[in-house]
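Asks: Have a look at the structure that comes next, please.
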Protein chains: 12
Amino acid sequence: MSNHTYKTIELTGTSNKSVEEAIQNAVSRASRTIKEMRWFEVTEIRGNINQNLVNQWQVSFKVGFTIQDE
Amino acid sequence: MSNHTYKTIELTGTSNKSVEEAIQNAVSRASRTIKEMRWFEVTEIRGNINQNLVNQWQVSFKVGFTIQDE
Amino acid sequence: MSNHTYKTIELTGTSNKSVEEAIQNAVSRASRTIKEMRWFEVTEIRGNINQNLVNQWQVSFKVGFTIQDE
Amino acid sequence: MSNHTYKTIELTGTSNKSVEEAIQNAVSRASRTIKEMRWFEVTEIRGNINQNLVNQWQVSFKVGFTIQDE
Amino acid sequence: MSNHTYKTIELTGTSNKSVEEAIQNAVSRASRTIKEMRWFEVTEIRGNINQNLVNQWQVSFKVGFTIQDE
Amino acid sequence: MSNHTYKTIELTGTSNKSVEEAIQNAVSRASRTIKEMRWFEVTEIRGNINQNLVNQWQVSFKVGFTIQDE
Amino acid sequence: MSNHTYKTIELTGTSNKSVEEAIQNAVSRASRTIKEMRWFEVTEIRGNINQNLVNQWQVSFKVGFTIQDE
Amino acid sequence: MSNHTYKTIELTGTSNKSVEEAIQNAVSRASRTIKEMRWFEVTEIRGNINQNLVNQWQVSFKVGFTIQDE
Amino acid sequence: MSNHTYKTIELTGTSNKSVEEAIQNAVSRASRTIKEMRWFEVTEIRGNINQNLVNQWQVSFKVGFTIQDE
Amino acid sequence: MSNHTYKTIELTGTSNKSVEEAIQNAVSRASRTIKEMRWFEVTEIRGNINQNLVNQWQVSFKVGFTIQDE
Amino acid sequence: MSNHTYKTIELTGTSNKSVEEAIQNAVSRASRTIKEMRWFEVTEIRGNINQNLVNQWQVSFKVGFTIQDE
Amino acid sequence: MSNHTYKTIELTGTSNKSVEEAIQNAVSRASRTIKEMRWFEVTEIRGNINQNLVNQWQVSFKVGFTIQDE
């Protein structure tokens, strides 16, 4: 098994609809500058309430990516 | 930034369908007596299984609200 | 209240679609050999990313079942 | 399975005798104002020592109860 | 040692100046409705940043008080 | 010191009387199929309340046993 | 309120009978060299099993005492 | 509520004087390269002792900022 | 990505020599009855001391394996 | 880099004024018997409330010192 | 003691041989872009198993470095 | 099983070579004043980096020993 080095960063994605969409939104946004994202792990699920309705899901997660050789 | 005091309580909501609906159900029910709920944070996701089907999602979360001036 | 003994095991279910489906998939698969599953508690929500899309949800959870009398 | 909303509060009970009695003491005292307590979960076991004797058990626990419809 | 029952609630106080003042602010505000607060324990120290200055300290803490006999 | 391999499983025992009895009940029940249990470690103390009385102690614990050579 | 400094050490007491006795045993033994023990907090409840019987309770706890002026 | 993506990084600030100043020092220093810092959360309070005096406060915290559109 | 279900168990391996060997010893021993072990995660590193020498490393870890179709 | 052995103990300092002073008070008091204290790490921030005023800060921390050669 | 600001990032290094080598591999790889790494702290030790052999150690750790003045 | 009382202290050992040697170094050094050390449990693995090489392993661990009768 060849050896790589990975870096993990922490992102928070938001969505009006679901936990799953909040994560996908952040991955899509982060992909403009980060290549080779490989896995994620949820660290926190929070949200915002307005007039007794959950109007935003805020999901924090660690995402790992391969440090690429130049 | 003006200073407020917030109180946090812990609720458990239930739903036959999803994590998201379990939280919204509890927020709706709690809104009869609590005003100004502002944010929440999930602390536990559990559920009930009956005949090999998840028939209830039980989501515990802390919810914060502003202590209002009378 | 009559006294029972319960055993808890840890499973990881996967789904291309949602956290909820990942758990149900694992419960369905485990039901071939485990009877009387009663409750579960999520311990970890992870996933796989491929070309900037979450292509698999991986949800770990503890599931409890009654130790049955033979 | 019908859906309810539960509230969880944290109490600390005390006893000169045992962990079990400390919890029962607090449940009895709290029952004057809280109805429908259903389950508890111990969060901390502490105590007081006087002249090298444990003279008080102090047990903190979360207790959950159904939010009743008026 | 006589036995009492204590209840613990969670508050978040805010201050533009310090961690200590954020807690005192919340205790003062809560004292309008809660009597006999006895101790607290800090659970989270957060804050808000505006134009690179910490302009608000937000300190969450558990506060315990004696459940009084009527 | 000779080297062995141990396996740890998680059980929940119940009792109407005490934390200690809940654990012994589960160890006795599990001993029908598991040999060589050696140690345990409590992971959770919960219980059930009925009409303001603790009517069941539910104690979860990890129990380790030697994997025996056939 | 006058200010003191406290030191906390960690002990493990054992008993064939109960969690409570294990703690008292250790406090009694430690009192030969430590004066002014004031409070304790349980950190771990373990035990030993022999022939399917819990034959020893092992309770670890932190105990605090006043650093006395000479 | 419009959806943004946030990134969280971890910094350690130092001060000879207080916890609060240690955080402000690090925020000021980080602001040379990071724009739009919005909130922080303390993760660790440590310090250095020299000749029985606390001569440096070292405060670690997570700080979140909006990932800006180019 | 095809969906599988994984089961996680907890083992403790021992070695007189190193953390790494303790894990390999337990994996080798467990492989007599468990097929398709895929990954592990260390949960605890303990050891035994005899006459001031570490004479045994005891490493606990979770190990995951695919639940195979019969 | 030369190798040393360090011991860590846990202290609780108190102050009527601030978190920082509570730590310094305990370090000063402990220095009568412990030499070479090098670093500390805060583990708990608690306090006492009297008539709705925080009248004592109680800060627990681990402090490390070099085990000196005689 | 002069005040600096430190940044902490999280890396995962891999090795076929040992925990120690996995960390050194990642530090060496990261040193191409990060200067002044000063300390690290292990957060997770995992690994991969192939045909009952640990064929890769995967060690996650936080590494801190001084934010340099330009 | 006869009952003993154990005390646990926390040490940090260092080594230029490995995690295992760091622990053994501290046990050897501590044995000059502590008799009857029986077991240990690792609480933290840290290290120092100099010019991109790990030049010191710093391993913190709790070590338990029997409180001996005089």
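Bear in mind these aren't lab numbers, they're just calculated from the coordinates by the rules spelled out. This is a predicted model, so every value here is computed, not measured. A quick note on method: Cβ atoms are made from the backbone with ideal geometry, for glycine too, and the neighbour counts reach across all protein chains shown.
Asks: Which of the three applies to the protein assembly as shown, rounded, prolate or oblate, going by the alpha-carbon gyration tensor with a ≥ b ≥ c and a/c under 1.5 meaning rounded? Could the numbers behind the result be given before it?
Replies: Values: a/c = 1.00, a/b = 1.00, b/c = 1.00.
Rounded, because the longest to shortest axis ratio a/c is under 1.5.
Asks: Helix B:19-30: angle to the longest alpha-carbon principal axis of chain B, degrees 0 to 90, nearest 10?
Replies: Here the helix axis deviates by roughly 50 degrees.
Asks: Run the reach check for K:K17 against lysines, Cα to Cα strictly under 18 Å, same-chain hits fewer than 8 apart removed. What comes back?
Replies: In chain and number order, the partners are I:K17, L:K17.
Asks: In square nanometres, what is the average projected area of the Cα convex hull of chain G? Write out the running numbers ahead of the final one.
Replies: On the way: hull surface 21.4 nm².
The orientation-averaged projected area of the Cα hull of chain G comes to 5.4 nm².
Asks: A follow-up question, please. Sum -39500 (n - 2.57) across every DSSP H segment of at least 4 residues in chain J, then divide by the residue count to get the 222 nm mean residue ellipticity, nearest 500.
Replies: Details: 1 runs with 12 residues, N = 70.
Calculated at 222 nm, the ellipticity per residue is -5500 deg cm²/dmol.
Asks: For the pair B:N55/F:M1, report the inter-label distance in nm, with labels modelled 7 Å from Cα in the Cβ direction.
Replies: Here the answer is 4.9 nm between the modelled labels.
Asks: If you don't mind, another one. According to the square roots a ≥ b ≥ c of the eigenvalues of the Cα gyration tensor, what is the shape class of segment B:29-70, taking rounded for a/c under 1.5, prolate for a/b larger than b/c otherwise, and oblate for the remainder?
Replies: On the way: a/c = 6.36, a/b = 2.80, b/c = 2.27.
Prolate, because a/c is 1.5 or more and a/b exceeds b/c.
Asks: Report, ordered by chain and residue number, the lysines lying within cross-link reach of K:K62, taken as a straight Cα distance under 16 Å and ignoring same-chain residues fewer than 8 apart.
Replies: Excluding near neighbours in sequence, the set is A:K7, A:K62, H:K62, K:K7, K:K35.
Asks: Ok, one more. Could you check what % of the DSSP bridge pairs in chain D are antiparallel, to the nearest 5? Let's see the in-between values first.
Replies: Values: 22 of 22 bridges.
For chain D, the DSSP antiparallel bridge percentage is about 100.
Asks: Now for a separate question. How many angstrom separate the Cα center of segment B:34-70 from the Cα center of chain K?
Replies: Taking the Cα centre of chain K as reference, the centre of segment B:34-70 is 37 Å away.
Asks: Suppose every K and R has +1 on its Cβ and every D and E has -1 on its Cβ; what is the size of the dipole of chain H about the Cα centre, in Debye to the nearest 20?
Replies: On the way: 8 positive and 8 negative charges, 32 e Å.
The calculation lands at about 160 debye.
Asks: Here's a follow-up. Find the chain C residue whose Cβ sits closest to the rotation axis that carries C onto B, and give that distance in whole Å.
Replies: Chain C residue with minimal Cβ-axis distance: C:V19, 4.
Asks: To continue, here is another question. Order the peptides G:5-18, L:24-37 from the highest to the lowest mean number of other Cβ atoms within 10 Å of their residues.
Replies: On the way: G:5-18: 19.4, L:24-37: 16.9.
Packing proxy ranking, top to bottom: G:5-18, L:24-37.
Asks: For chain C, modelled as a GNM with alpha-carbon contacts under 10 angstrom, which of C:V19, C:V54, C:V42 fluctuates the most?
Replies: With Cα springs under 10 Å in chain C, the top fluctuation among C:V19, C:V54, C:V42 is at C:V54.
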